[in-house]
Every structure is written in C-alpha cells, then in structure tokens.
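Undergrad: Sharing a structure with you now.
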Amino acid sequence: MDIRIRELTAEDEFEGIEVDGSFIVDSVLVLTLEDRRIGYAVEEVARYTKRYADEPDAETEDTGYAGYIGNPDQVMYLACMDNRIAGQILLRKNWNGYAYVEDIKVDPAYRRYGAGRRLIEQAENWARAGGMPGIMLETQNNNVRACKFYESCGFVLGGFDSCLYKGLDKQSNEIALYWYLIFD
C-alpha cells in the first residue's frame, strides 16, 4: 500500500480525521531498574481491548486541530492510504526542547503497513528542522506493541511514573512510560 504523509491544512474537514486508537492488551511490561538503566520483562495478562474516551484531549479541547495549522511550535501530520486517513501524529515543542508526541495512532485496519514508522520519521524530520535534541513521548506499560514499536524506531526508555493514571482511577495499575529518541 502506498502511504502518503501530509501536514494538516486549513482545507481539511476536522470532523473526518479521527482515527481509531484502540489497541489489544494481552501483556504488560514489568519494569526493572539496575545501574540506572530501566529494563523490562513482558508478562501475559487476560486479553482485552483498550479504548480511550471519545472526548477531546485537553490539548485540543479549546482550539480543536486548528491550533496545529501554521503554528511553528506544534504540528499535526496525517498518514493517508487508499484515499483515507489511516493515522495521525500530533507534535509540539516541549518545555525541555524536545519534540513531544502528544498523540500518535494508526487505525487498526492500516496497522503493520508502515504508516506508524512513516509518522515517526516525519516527526524526526520536523524535530531536526526545528533544532530540537530529540523526540519524547509517553505511553503505558499495557501497550506492549507500541512500546516494542518505539524501541524498534530507536527510542529508549528514559523514565516511568506509577502514579500518573491513578488520577483517573485510584485502582489503576497502569504505569506511564517515557520514551526518548535522542539525536546525535
């Protein structure tokens, strides 16, 4: 399949660009820390599908995607396949100078064709052009496929937070993982 990556423009119909970001959970990363290096093992868990609420993200709630158009400090790219939007990545310049991936998702029907990797490559191009030292992002320890994907793209696990998701659900066992692609 041919994958085309393009920047979101004012001509886009914002309502039509939502991508299904659900994923299958069948394992979790169990973290280890040795000599200041974070490692992990993969542990199987009962299988379920993780879906996010259909509410807008805090970052896009006030301005919608329009805030990403023509803004030098944030951008949205779309992955197009078969004349459909197959994926998207939202980036912004973070306070620490890194490019921060606010969101990346590829529709389940278009996964494993390279759209995610092309979106990460585009993010790298944007960050390098902006003189940023690298890219950072956060995901959960129960999104093992995403973690393995980021690792395959050269990201390293730089930190974790076992309390972040407890603000949404005090019983949550999800651990936020912070991944970094640091440029040379």
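Undergrad: So, in the range 78-106, how many residues would count as being farther than 15 Å from residue 149 by Cα, of a type in the set (Asp, Glu) and within 16 Å of the chain's Cα centre (by Cα)?
TA: Residues that pass the stated criteria total 1.
Undergrad: Turning to a different aspect of this structure: Just the residues that are more than 22 Å from the chain's Cα centre (by Cα) and either part of a strand (DSSP E or B) or of a type in the set (Phe, Trp, Tyr) (or both), please, taken from the range 26-42.
TA: The first filter runs over the range 26-42 and keeps only residues more than 22 Å from the chain's Cα centre (by Cα), leaving 32-37.
Within the range 26-42, 32, 33, 34, 37 meet the criteria.
Undergrad: Would you confirm whether or not the range 42-51 contains a residue that is modelled with pLDDT of 95 or more, surrounded by fewer than 18 Cβ atoms within 10 Å (Cβ to Cβ) and basic (Lys, Arg)?
TA: Yes, some residue in the range 42-51 is modelled with pLDDT of 95 or more, surrounded by fewer than 18 Cβ atoms within 10 Å (Cβ to Cβ) and basic (Lys, Arg).
Undergrad: Search the range 157-174 for residues being touching a residue at least 12 places away in the same chain (Cβ under 8 Å) and of a type in the set (A, V, I, L, M), and hand back the single one that is surrounded by the most Cβ atoms within 10 Å (Cβ to Cβ).
TA: Among residues in the range 157-174 that are touching a residue at least 12 places away in the same chain (Cβ under 8 Å) and of a type in the set (A, V, I, L, M), the one surrounded by the most Cβ atoms within 10 Å (Cβ to Cβ) is 157.
Undergrad: Also, quick follow-up: Looking at the range 1-14, which of its residues are over 20 Å from the mean Cα position of the chain (by Cα) and either part of a strand (DSSP E or B) or among the charged types (D, E, K, R) (or both)? Talk me through it step by step, then tell me what you get.
TA: Step one: filter the range 1-14 for residues over 20 Å from the mean Cα position of the chain (by Cα), giving 1-2, 9-13.
2, 11, 12, 13 - these are the residues of the range 1-14 that are over 20 Å from the mean Cα position of the chain (by Cα) and either part of a strand (DSSP E or B) or among the charged types (D, E, K, R) (or both).
Undergrad: Here is a further query. One residue is enough: does the range 119-135 have a residue meeting the conditions in contact (Cβ under 8 Å) with a residue 24 or more places away in the chain and in contact with a helix residue (DSSP H, G or I) (Cβ under 6 Å, 6 or more places away or on another chain)?
TA: yes
Undergrad: Separate question: Restricting attention to the range 147-156, report how many residues are in contact with a Phe, Trp or Tyr (Cβ under 6 Å, 6 or more places away or on another chain) and buried (at least 19 other Cβ atoms within 10 Å of the Cβ).
TA: Just the residues of the range 147-156 that are in contact with a Phe, Trp or Tyr (Cβ under 6 Å, 6 or more places away or on another chain), to begin with: 150, 155-156.
Restricting the remaining residues to those that are buried (at least 19 other Cβ atoms within 10 Å of the Cβ) gives 150, 155.
Going through the range 147-156 one residue at a time, the tally reaches 2.
Undergrad: Additional query: For residue 144, indicate whether it is crowded, with 22+ Cβ neighbours inside 10 Å, over 23 Å from residue 7 (Cα atoms) and in contact (Cβ under 8 Å) with a residue 24 or more places away in the chain.
TA: Considered against the rule, which asks whether it is crowded, with 22+ Cβ neighbours inside 10 Å, over 23 Å from residue 7 (Cα atoms) and in contact (Cβ under 8 Å) with a residue 24 or more places away in the chain, residue 144 comes out as yes.
Undergrad: Here are some residues: 93, 105. Which one is closer than 18 Å to residue 178 by Cα and surrounded by fewer than 22 Cβ atoms within 10 Å (Cβ to Cβ)?
TA: Answer to the check: 93.
The values are calculated or read from the model by the stated rules, or taken from the named source; none is laboratory data. Small disclaimer: the values here were computed from a predicted structure and weren't measured. Glycine also receives a Cβ, built like all others from the backbone with ideal geometry; neighbour counts cover every protein chain displayed.
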